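See structure below.
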Amino acid sequence: MADSSMTTKTSKADASKLRSITITINGKEHTVWVEPRMLLSDVIRDEIGLTGTHVGCEHGICGACTIIVDGRPARSCLMFAVQADGVQILTVEGLAGEDGSLHPLQEAFWEKHGLQCGFCTPGMLMSAYHFLEEHPNPSREEIRDGISGNLCRCTGYQSIVDAVEEAARVMRQGKE
Ligand code: FES
Ligand code: FES
């Protein structure tokens, strides 16, 4: 179902500069009016209200803003929202089941203490989600490589690798 919205931030902009874009996020279609200069990360958070996607560096370095765009991981701080017109996006809010059941990655991050402050966690989860799609039975070295584009200031990565390894095991069992 389409969800048309124009929030305070956008409504302050010169209306002649606004563009209408339609993005499907976590299976729900959103039509929003945006300025061409607006970043996809800001539109997801501020216009659509999905604040699970975090913004750290805004320079494509930290990975906190990672989302899945048309099946591929992408830094939402490096895309303009107008570039996302018509795409399918998965954000961290879309990982859990509709009944609220956590994704095996979310369960494993919880169980294995893969998060401390949690700031990097949404990006870590989305990178790991795509990584496990391509590497269902990864070595720890491959996991480290797979999440190497995501920075964490808290965990030393050990428990994150433990969590991704555990999620991979659970997901493989689920497919047997
Ligand atoms: S906020 Fe996008 S990579 Fe850091
Ligand atoms: S858990 Fe704090 S930055 Fe990763």
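The values are calculated or read from the model by the stated rules, or taken from the named source; none is laboratory data. Just so it is clear, the structure is predicted and the values come from calculations on it, not from any experiment. Ideal geometry is used to build each Cβ from the backbone, glycine not excepted, and the neighbour counts take in all protein chains shown. Surface areas here come from the heavy atoms of the whole protein model, side chains and all, with no ligands, DNA or RNA. Shrake-Rupley method; radii C 1.70, N 1.55, O 1.52, S 1.80 Å.
Of note:
- Cα point-scatterer Debye curve for the range 85-131, base-10 log of I(q)/I(0) at q = 0.18, 0.22 Å⁻¹: -0.57, -0.81
- Debye log10 I(q)/I(0) at q = 0.26 Å⁻¹ for the range 104-174, Cα point scatterers: -1.23
- Cα-based Lys pair tally, the chain, threshold under 28 Å, eight or more apart or on separate chains: 6
- With both labels modelled 7 Å from their Cα along Cα-to-Cβ, the GLN158 to GLU133 distance reads 3.2 nm.
- Our estimate of slack between GLU58 and GLN88, defined as 0.36 nm per intervening residue step minus the Cα-Cα distance, is 8.6 nm.
- Karplus-based coupling profile of the range 19-35, in residue order and whole Hz: 10, 8, 10, 10, 10, 9, 10, 6, x, 10, 7, 10, 10, 10, 9, 9, 7, with θ = phi - 60° in 6.51 cos²θ - 1.76 cosθ + 1.60 and x standing for Gly or Pro.
- Stokes-Einstein translational diffusion, the chain - Kirkwood Rh over all Cα pairs, 1.567 mPa s, 4 °C, in µm²/s: 77 µm²/s
- Charge sum, other residues only, whose C-beta stays under 15 Å from HIS130's C-beta, Lys/Arg counted +1 and Asp/Glu -1: -3
- Taking the convex hull of the alpha carbon positions in the range 19-94 and averaging its projected area over all directions gives 4.2 nm².
- Local net charge near THR66, Cβ-Cβ under 11 Å (Lys/Arg +1, Asp/Glu -1): +2
- Between THR24 and ALA96, the contour length at 0.36 nm per residue exceeds the alpha carbon distance by 24.2 nm.
- Accessible surface comparison of CYS65, CYS154, CYS117, probe 1.4 Å, protein chains only, largest first: the order is CYS117, CYS154, CYS65.
- For the chain, averaging the sequence separation of C-alpha pairs within contact (under 8 Å, six or more residues apart) and dividing by the residue count gives a relative contact order of 21 percent.
- Distance from the range 88-130 to the range 141-176 (C-alpha centre basis), Å: 11 Å
- Accessible area per residue in Å² at 1.4 Å probe, computed on the chain: 52 Å²
- To put it simply, the accessible area of the chain at a 1.4 Å probe is 49 percent carbon and sulfur.
- Relative contact order (%) - criterion: Cα under 8 Å, at least six apart; region: the range 19-94: 40 percent
- Cβ-based net charge around HIS113, under 14 Å, with every Lys or Arg adding one and every Asp or Glu removing one: -4
- Computed FRET value (nearest 0.05) for SER16 with THR51, which takes r as the C-beta separation and R₀ as 30 Å: 0.55
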